[in-house]
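What follows is a short report on a single structure.
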Amino acid sequence: MAHGVSGGDAEYLASATGWNIFPYMYLGAKHMVTGYDHLLFLVGVIFFLYRMKDVALYVTMFSIGHSITLLTGVLGHIHMSPYLVDAIIGLSVVYKAFDNLGGFKSVFGVEPNQKIAVLGFGLVHGFGLATKLQDLQLSADGLVPNMLAFNVGVELGQILALAVILLLMSWWRSTRMFERQAVAANVALMVAGFVLFQYQLVGFFLETTAS
């Protein structure tokens, strides 16, 4: 549900044939703006990034990973259970919140390479959407340009969502409340990630039992 395609959007994608550049671009942007799992992860990624070049670097790493698996997953017909992929996406939120709290250094005495981690989770996030799109059995007529347009829309939606997040984060950081609330906010992020993880695992086991 976090980044699924349903309702009228799903009906349109399932029935559309030929080149539909702008509708696919719009739906890609809509997916990112409404994809709360992606947004939670991005909030975690930029939470303690204060320089715009750092924000741009990490978001670019995420975008590269997201684009690779979104396109290769759909165009290469690579598929696995959406529930399992989405469970890993939930864990990506947990991972980033735990890292923001200094958990890896204080508990395990290590500091993972965050650029590689963000790229890796970007690959997972993109594959999560690819599994949803494959379930719609998209028409092969115009699939490549349509998917490229969809991916462009995803990146445009990410820029829009990120701009709003950065504005809110900049205001929050300027207040005296930020230092006191930062820990609680990352704990909340971690809890949200665990909820997503458990929800998707339940879906996977129910699907497995039904089949």
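Using just the helices of the chain, give the 222 nm mean residue ellipticity in deg cm²/dmol: DSSP H runs with n ≥ 4 each add -39,500 (n - 2.57), and the total is spread over all residues, rounded to 500. Calculated from helices alone, the mean residue ellipticity at 222 nm is -26500 deg cm²/dmol. As a rough footprinting exposure proxy, the listed residues PHE205, PHE104 were ranked by other beta carbons within 10 Å of their own, and the order from fewest upward is PHE205, PHE104.
Taking the Cα centroid of the stretch 163-179 and of the stretch 89-120, what is the distance between the two, rounded to the nearest whole Å? A separation of 22 Å, based on Cα centres. Here the dipole of the chain is about 760 debye; that uses its Cα centre as origin and unit charges on the Cβ of Lys and Arg (positive) and Asp and Glu (negative).
No value in this document is a laboratory result; all are computed from the given coordinates. Here the structure is a predicted model, which means the values were calculated and not measured. All Cβ positions, even for glycine, are placed from backbone atoms using ideal geometry, and neighbour counts span all protein chains on display.
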